[in-house]
Amino acid sequence: MTKPRPRIVDLSEIEPNVKRGGDLRAMLTPTTVGSTSGFMGVAIVRPGDRIGEHYHPYSEEFVYVVCGDLEVDLDGEPHPLRPEQALLIPAYMRHRFRNVGKVEARIVFHLGPLAPRPELGHVDTEGVEAVPAAAGAQEAGVAETRS
């Protein structure tokens with residue numbers, strides 16, 4: 001078995017995934033760096049935009065707010081999220097993020113452990129039609145990530 005080597009990944013190297021709203025970039029993944037226990041990325045959410053509701057059946061999600069004011073719904077209950085706050089979202093918990101502030105919000109997320117197959121790691125609970133029109137128009141040709 002080959003030992004993974006350290007690798008620096010720049011945000012600009014990762015194609016945005018806007019399918020679920022926001023700009024999601026899975027940066028450190030099995031594909032990009034050979035990770036085996038989980039993956040990490042950044043979500044960029046413009047004022048008024050959101051990331052649609054979903055859950056992860058195999059993974060816990062760790063979230064850290066770098067900047068911006070967000071509201072997160074956890075199993076339908078809203079909670080404020082501010083800069084320099086962190087959140088643990090247990091497996092199977094439905095969640096969505098909304099930027100309720102006037103500036104871009106950025107969150108760092110990590111999910112682990114990995115699902116047995118990428119397509120099993122994420123379950124949408126609201127349709128793509130619920131994503132803001134601007135985000136939906138940008139999704140053509142964007143690869144799906146595991147977030």
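Worth pointing out:
- In region 1-100 the Cα-Cα distances spread across 5 Å bins starting at 0 as 3, 12, 20, 24, 20, 12, 6, 2, 1, 0 percent of all pairs.
- Cβ-derived FRET efficiency at R0 25 Å, Tyr64 paired with Ser35, nearest 0.05: 0.90
- Computed over protein heavy atoms with a 1.4 Å probe, the carbon and sulfur contribution to the accessible area of region 1-50 reaches 56%.
- Near the amide H of Leu81, within less than 5 Å, lie the amide hydrogens of Leu70, Glu71, Val72, all on another chain or at least 5 residues away, with H placed in the peptide plane.
- Shape box of region 1-48 [Cα atoms, principal axes, largest first, Å]: 46, 18, 12
- Length gained on full extension, Ala91 to Arg5: 28.1 nm, using 0.36 nm per residue less the C-alpha separation.
- Of the residues Phe62, Phe97, ranked by 1.4 Å probe accessible area with the largest first, the sequence reads Phe62, Phe97.
- Solvent-accessible area of Leu11 with every protein chain in place, 1.4 Å probe, in Å² to the nearest 10: 50
The values are calculated or read from the model by the stated rules, or taken from the named source; none is laboratory data. Worth saying up front: this structure is predicted, and the values here are computed from it rather than measured. Positions of Cβ are generated from backbone atoms using ideal geometry, with glycine treated the same way; all protein chains shown enter the neighbour counts. Remember, those area values only see protein heavy atoms, side chains included, never the ligands or the DNA or RNA. Shrake-Rupley method; radii C 1.70, N 1.55, O 1.52, S 1.80 Å.
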